[in-house]
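A short write-up of the structure that comes next.
The values are calculated or read from the model by the stated rules, or taken from the named source; none is laboratory data. Keep in mind that this is a model prediction, so the values were computed, not measured. Cβ coordinates were reconstructed from backbone atoms using ideal geometry, including for glycine residues, and neighbour counts include every protein chain displayed.
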């Protein structure tokens, strides 16, 4: 089985990768790391994030595939839509666990945009690990 890891270029990215690598080692599973982009053709910045993520997981001694995935931010509540697309991706790729970050929003932003992490937790058929913004993953690498 495989762990789906959703990363973005944000303050929680490193902690998300640390947690995902520790889970992959402990559960003896592969990683499928996706950087979500809203353009159908990835720009140079998205490719830079993908390449840096590939280097980082290569150094972690886990089997990992790193990819860019196009997601639609269209419609009302784009956060909820992105969450649903992650759940759909998990079903398509035979995922056994999802790891993703979460940055708290105010109630108005949550109402207007939806919340990606909440949408994934509500609809996923597999366990979901949420790494909060500002966290430093205290992960034991000896697992």
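From the set of residues in the range 6-51 that are modelled with pLDDT of 90 or more and assigned to a loop (DSSP other than H, G, I, E, B), which is surrounded by the fewest Cβ atoms within 10 Å (Cβ to Cβ)?
28
Residues of the range 75-93 being farther than 17 Å from residue 117 by Cα and at pLDDT below 85, which ones?
Those that are farther than 17 Å from residue 117 by Cα and at pLDDT below 85: 75, 93.
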